[in-house]
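Q: Encoded as structure tokens, here's the structure I'll be asking about.
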Amino acid sequence: SITPFIKTVSAPDANTVQVTLDKPFYPLLWYLGGQTYILPKHVWSSVKGDGSQYADPNPVGTGPYLVKSFTPQLVVLSKNPKFWQPGKPEVTELKIPSFNSNTSAELALQKGQIDWTNLYIPNIQKTYINLDPQHNHYWFPASDIVMLFMPLAKYPFNLLPVRQAISSAIDRSKLDSLGESGYEPPAHPTGLLPYNKDYMAPEYADLKFTQDPAKSEQLLQGAGFTKGSDGIYADKNGKKLSFNLNVVSGYTDWITDCQLMATELKAVGIKVNVNVIAFDAYYNALQNGTYDMALLWTNPGPTPYYLYDALLRSTNSAPIGQPASSNYERWNDTNTDALLNQYASSTDPTVQKQAIIGLEKIMVEQMPSIPLMDEPYWYQYNTSKFVGWPDQQHPFAAPGTATYPDIEYVVLNLHPAD
């Protein structure tokens, strides 16, 4: 997101990095200060080939922890005695176990073996909170949007009526109630979250998704598809609307969501195979565009700009077969980029809101990806050993264990319980 705006980067002295932009880019601090890792030149300048494959045996950093041990099942971090904040962290050791499913992680949580996690847990009040109401807690603030992604460079997903037909076939309320235990209400067609309502265009304020199978079939027929004797639509060349829908093994809620959608799409003449695969294979397919359909979260930020920028900016995309950084649906549109640049180049709230409203129009009318549900930050914590966790009364950081850099803020705020 920031590379197209950077003209030069220099180090005028040993403690300063100077970034010079070739045009105004006011969201810079969010990306540079909170989302960019700093690497030691004396180590990384000599790394050859693919840096992502380099395992640094002696990492240099300023963080609160050092790696004590590592296995595929457990990572252990120990307190950095040279950490720059005196007395911090008060949590002297972090143990980060690996689980192969929500179910196995939930069992460990129920047994009191986990202090902090981010899990989807059905009926959480009964299955977790009631086991120890004094110490077991959760908080699910709004985070991002669960989207249905399709690579738009591939036929037939490049056809708007096909995307609209898929969207119209889905009952989002059923996904929420049956797949997500009522934790994830249907998303807004603009992709805006409830806390972004001040950016909502007036004409979209009352807009909502409604399931309409008849409309789905009308859209497909209008696009030239014909239903076969097997109930599945095909184009004039006989190519059927038959796709794989990728989902991660162990993501029990998303697997249910995908199964529900597969049933609903079959009812309108689209055959969907729910393809349950390991995370590495799933994410590699997303990055390289070698998939048909997939569920994925979006990247949140202080305003809707950050979600739209990651989702829609063309420089975050790549040709099929090459890794994209975040625009996994491969949306490439000059008007979209112009609106993103309009927001980024101004500090005027009116100008920025106009840009966001323009992006809302693109989401509603062109549907580059399909919003499904408002996803919360999954977050459960136990206060028997440590206190100082973020909660609804103290929302000092995004909670959960998968949000960088907030996880460090959380740990540094913790101290032993009395």
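The values are calculated or read from the model by the stated rules, or taken from the named source; none is laboratory data. All figures in this text were calculated on a predicted structure; none of them were measured in a lab. So basically every Cβ, Gly included, is an ideal-geometry build from the backbone, and we count neighbours across all protein chains shown.
Q: Could you say which residue among A234, A278, A267, A262 is closer than 17 Å to W297 by Cα and in the same structural domain as A169 (by TED's automatic domain parsing)?
A: A278
Q: Considering only residues that are among the small types (G, A, S), touching a residue at least 24 places away in the same chain (Cβ under 8 Å) and part of a loop (DSSP other than H, G, I, E, B), which ones fall in the stretch 291-324?
A: Within the stretch 291-324, G301, A318, G321, A324 meet the criteria.
Q: Name the residue that is farthest from the chain's Cα centre (by Cα), counting only residues in the stretch 239-270 that are over 23 Å from E375 (Cβ atoms) and assigned to a helix (DSSP H, G or I).
A: Looking at the filtered set, the residue picked out is A267.
Q: Pick from G63, G112: which is in contact (Cβ under 8 Å) with a residue 60 or more places away in the chain and at positive phi?
A: Exactly one of G63, G112 is in contact (Cβ under 8 Å) with a residue 60 or more places away in the chain and at positive phi, namely G112.
Q: So, in the stretch 32-60, how many residues would count as being modelled with pLDDT under 85 and among the small types (G, A, S)?
A: 3
Q: Of everything in the stretch 119-133 that's part of a loop (DSSP other than H, G, I, E, B) and either in contact (Cβ under 8 Å) with a residue 12 or more places away in the chain or in contact with a helix residue (DSSP H, G or I) (Cβ under 9 Å, 6 or more places away or on another chain) (or both), which residue is nearest to L245 (Cα to Cα)?
A: Within the stretch 119-133, the subset part of a loop (DSSP other than H, G, I, E, B) is 119-123, 128, 132-133.
Checking which are either in contact (Cβ under 8 Å) with a residue 12 or more places away in the chain or in contact with a helix residue (DSSP H, G or I) (Cβ under 9 Å, 6 or more places away or on another chain) (or both) leaves us with 119-123, 128, 132.
On the way: L119: 22, Y120: 20, I121: 23, P122: 23, N123: 27, Y128: 31, D132: 39 Å.
Ranking the qualifying residues of the stretch 119-133, first place goes to Y120.
Q: Those residues that are in contact (Cβ under 8 Å) with a residue 12 or more places away in the chain and outside any helix (DSSP H, G or I), I need them from the stretch 211-238; list them, please.
A: Q211, D212, A223, G224, F225, K227, G228, G231, I232, Y233, D235, K236
Q: Could you please give the count of residues in the stretch 148-178 that are part of a loop (DSSP other than H, G, I, E, B) and either over 18 Å from W297 (Cα atoms) or in contact with a Gly (Cβ under 8 Å, 6 or more places away or on another chain) (or both)? Even if it seems obvious, please write down each step before you answer.
A: At the first step, the residues of the stretch 148-178 found to be part of a loop (DSSP other than H, G, I, E, B) are 150-159, 170-171.
Then drop every residue that is not either over 18 Å from W297 (Cα atoms) or in contact with a Gly (Cβ under 8 Å, 6 or more places away or on another chain) (or both), which leaves 151, 153-159, 171.
Of the residues in the stretch 148-178, 9 are part of a loop (DSSP other than H, G, I, E, B) and either over 18 Å from W297 (Cα atoms) or in contact with a Gly (Cβ under 8 Å, 6 or more places away or on another chain) (or both).
Q: Within the stretch 185-210, take every residue that is within 23 Å of K266 (Cβ to Cβ) and assigned to a loop (DSSP other than H, G, I, E, B) and give me the one that is farthest from the chain's Cα centre (by Cα).
A: Filtering first and then ranking leaves T210.
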